[in-house]
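See below for the structure under consideration.
The values are calculated or read from the model by the stated rules, or taken from the named source; none is laboratory data. These numbers were taken from a predicted model, which means no experiment stands behind them. When we count neighbours, we look across all protein chains shown, and the Cβ atoms used for this are built from the backbone with ideal geometry, even at glycine.
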Amino acid sequence: MPFNAMKNAVLGESYLLSVAIVNEEASQKLNRIYRGINTPTDILSFPLSEDEGEIVFNLKEARKEAKKFGRKFDNFLAFLFIHGLVHLKGLDHGKKMEQEEERIRKQFDI
């Protein structure tokens, strides 16, 4: 998957992005601390500044979710990545976010 190209399309080339992969326990702890939800999640996005952020993946949860949505794992991971990028761009869940995600997914055949 062209993750760097996706990042550049959404956030620009100068945006500094780190990606972390964590286990179920760490995912649940981060989700509880930062979102008040005491369950593991597949992805979390953390804006660190205007031009820097981090995306945290829980691959075990992402595999479960991919099956639920009938998507291949690599496709779903790219889908999640785009979702995380759009959050880092500053958009919240809603129509505008969905439109932006769809635009990027079309650009990358996701």
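Some points to look at:
- Residues that are under 14 Å from Leu11 (Cα atoms) and either loosely packed, with under 14 Cβ neighbours inside 10 Å or of a type in the set (Ser, Thr, Tyr) (or both) within region 52-102 comprise just one, Gly90.
- Inside region 31-46, residues that are under 17 Å from Leu80 (Cα atoms) and either out of contact with any helix residue (DSSP H, G or I) (no Cβ under 9 Å at 6 or more places or on another chain) or at pLDDT below 95 (or both) make up a count of 1.
- Members of region 43-79 that are part of a strand (DSSP E or B) and aliphatic (A, V, I, L, M): Ile43, Leu44, Leu48, Ile55, Val56
- The selection criterion, being among the basic types (Lys, Arg) and within 20 Å of Val19 (Cβ to Cβ), does not hold for Arg103.
- Residue that is farthest from Leu17 (Cα to Cα) [pool: residues in region 81-100 that are of a type in the set (Asp, Glu) and assigned to a helix (DSSP H, G or I)]: Glu98
- With respect to (1) without any contact (Cβ under 8 Å) to a residue 12 or more places away in the chain; (2) in contact with a Ser or Thr (Cβ under 7 Å, 6 or more places away or on another chain), the lone exception for Ile55 is condition (1).
- Matching residues, region 20-61, being within 12 Å of the chain's Cα centre (by Cα) and on the phi > 0 side of the Ramachandran plot: none
- Contacts under 6 angstrom Cβ, first residue in region 14-35 being over 15 Å from Leu88 (Cβ atoms), partner assigned to a strand (DSSP E or B), 6 or more apart: Ile21/Phe57; Val22/Val56; Leu30/Leu44
- Filtered by the rule that a residue be farther than 13 Å from Leu80 by Cβ and among the aromatic types (Phe, Trp, Tyr), region 1-28 gives a lone residue, Tyr15.
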